[in-house]
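The values are calculated or read from the model by the stated rules, or taken from the named source; none is laboratory data. Computed from a predicted model, the values in this text were never measured in an experiment. Quick reminder, even Gly has a Cβ in these numbers, built from the backbone with ideal geometry, and neighbours come from all protein chains shown. Side chains included, ligands, DNA and RNA excluded: accessible areas come from the protein's heavy atoms. Shrake-Rupley method; radii C 1.70, N 1.55, O 1.52, S 1.80 Å.
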Amino acid sequence: MRIAVIDGPNLRLLGRREPEVYGSHTLEDVRESLDALAAELRVELETYQSNHEGEILDFLEEAATRVDGFLVNPGGLTHTSVVLRDALVGVDRPFVEVHISNTASREAFRAHSYLSPVAAGVVFGFGVQGYLLGLRGLVHRLSGS
Ligand code: CA2
């Protein structure tokens, strides 16, 4: 089983700005934890981050030829991007949407996600631990158990 982890715009700032909202772990820390869990679950991971919507769409299309599912923190694109939703539906692979913060308890515009209705599952509000919970959920879903 192979899974791609996608982080959207600004997530490379993780651990460097707004620690009161997003915590102090960096994206590199998150990737290390994900790699350890992937080894335990015996799945292959690849990771990708971009600040550019179109590049994320290109990556999705290309990666879908070799992966079984996606773990996605779309960042701010969550609340704005019909095109990302269309691409995720189009690649026809299950994906789990992850948010570090509790998007339901913040500004009203963050409560709406274009992606949640088409996601296999959504995790939010557990800090960076949400990536690990999301990976477990996705692997469970893909293994059909
Ligand atoms: O809580 C999340 O994971 C978010 O997806 C993070 C996004 C935000 O727009 C979503 O509403 C919720 C923000 C992207 C990252 O921006 C950062 C800024 C400073 C430090 C770390 C990340």
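Rounded to the nearest percent, how much of the accessible area of the stretch 2-143 (1.4 Å probe, protein heavy atoms only) is carbon and sulfur? Using a 1.4 Å probe with all protein chains present, the stretch 2-143 comes out at 48 percent carbon and sulfur. Placing unit charges on the Cβ atoms of the charged side chains and taking the dipole of the chain about its Cα centre, the candidate lying farthest along the positive direction among 8, 120, 76 is 120. Each Lys and Arg adds +1 at its Cβ and each Asp and Glu adds -1 at its Cβ; summed about the Cα centre, the chain shows a dipole of about 360 debye. For the stretch 2-143, the solvent-accessible area with a 1.4 angstrom probe is 50 square angstrom per residue. Which trypsin sites (Lys or Arg not before Pro) does the stretch 1-51 hold that lie in a coil by DSSP with at most 13 other beta carbons within 10 Å? Filter output for the stretch 1-51: 16, 17, 42. Distance between the 7 Å Cα→Cβ label points at residue 141 and residue 10: 2.5 nm.
For the stretch 3-145, with equal point scatterers placed on the C-alpha atoms only and solvent neglected, what are the log10 I(q)/I(0) values from the Debye formula at q = 0.09, 0.21 1/Å, to two decimals? Cα-only, vacuum Debye calculation for the stretch 3-145: -0.23, -1.45.
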